[in-house]
Amino acid sequence: MRSRFIALVLIMAGIAAFGSEIFAQKKGKELKAAEERVDKASAVVRDVMRINEKAIPRDLLAKAKAIVVFPGALKFGFILGGQGGEGVVIRRLANGWSAPAFMNMAGGSIGAQIGGQKTDYVLLIMNEKGLKGLLEDKFEIGGEGSVSAGPVGRTAAASTNVTLDAEILSYSRSRGLFAGVALKGVVIKQDESINQAIYQKSAKEILGGTGMEWSSAPVSLQEFSKLVATYAK
């Protein structure tokens, strides 16, 4: 009887160890993917803000409730098309910016198109209503959330009223050209796989309420929050 009990304990311990190893491997894989996203998103912001006359106005960044970047989203199709991408989002907190959470985007389109291209998207969430929508399990831009093409340039924000009612200001960059774009028909969903693997939390838990401070993220994921903070003072 005693030998059976010991054998059972050893089996259970082995199963637990195996499960821990699988979880560690998954977390390591997801962390690497998250690091690549943060690095690419940081590169997009750095490149976009490099020339003031062609950048996102800093006063808009200073007002934004959250910032979402989808680096290298793929647009593809022939007559019927679609697009998809993986992104990073941070939210403004009382004392800075949050830890990065991870999102995915997908959408379809109809029109004259052929082939595929990669496009960087930057979204500024400008008010609480837009932020609330973003934190839903599924958020359609241009559906539940109003969106406008964001102005570009040092004085652009002051010379237009496009920002007054928009929940989201959207920008795109493809083939080196950066400009505001009225991105519509795109659905944003939380990337639960990465968020859970890294934080054991959903994007809503990371960004909602008082939010998670950027310093709560793994050190390798803190760059994006710190970079945005330098431009959004």
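The values are calculated or read from the model by the stated rules, or taken from the named source; none is laboratory data. Fair warning: this is a prediction, and the values are worked out from it, not measured in the lab. No Cβ is skipped: glycine too gets one built from the backbone with ideal geometry, and neighbour counts run over all protein chains shown. The accessibility values were calculated without ligands, DNA or RNA, using every heavy atom of the protein model including side chains. Shrake-Rupley method; radii C 1.70, N 1.55, O 1.52, S 1.80 Å.
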Test: Ala149 is modelled with pLDDT under 85 and either under 16 Å from Val69 (Cα atoms) or in contact with a Ser or Thr (Cβ under 8 Å, 6 or more places away or on another chain) (or both): no
Some residue of the range 175-183 being crowded, with 21+ Cβ neighbours inside 10 Å and at pLDDT below 85: yes
Close pairs from the range 36-61: first without any contact (Cβ under 8 Å) to a residue 40 or more places away in the chain, partner acidic (Asp, Glu) and open to solvent by 70 Å² or more (accessible area, probe 1.4 Å), Cβ under 8 Å, at least 6 apart: none
Filter result (modelled with pLDDT of 95 or more and farther than 13 Å from Ala197 by Cβ) within the range 18-36: Glu36
Residue tally, condition touching an Asp or Glu at 6+ places or on another chain (Cβ under 9 Å) and of a type outside the set (Val, Ile, Thr), over the range 169-191: 10
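Scan the range 73-80 and tell me whether some residue there is farther than 23 Å from Val147 by Cβ, at pLDDT 90 or above and open to solvent by 60 Å² or more (accessible area, probe 1.4 Å).
Going residue by residue through the range 73-80, those that are farther than 23 Å from Val147 by Cβ are 78-79.
Checking the rest, the ones that are also at pLDDT 90 or above come to none.
No: zero hits.
Quick check on Gly96: is it under 20 Å from the mean Cα position of the chain (by Cα), under 24 Å from Val186 (Cα atoms), modelled with pLDDT under 95 and surrounded by 10 or more Cβ atoms within 10 Å (Cβ to Cβ)?
Numbers: under 20 Å from the mean Cα position of the chain (by Cα): yes; under 24 Å from Val186 (Cα atoms): no; modelled with pLDDT under 95: yes; surrounded by 10 or more Cβ atoms within 10 Å (Cβ to Cβ): yes.
When the stated conditions are applied, Gly96 does not pass them.
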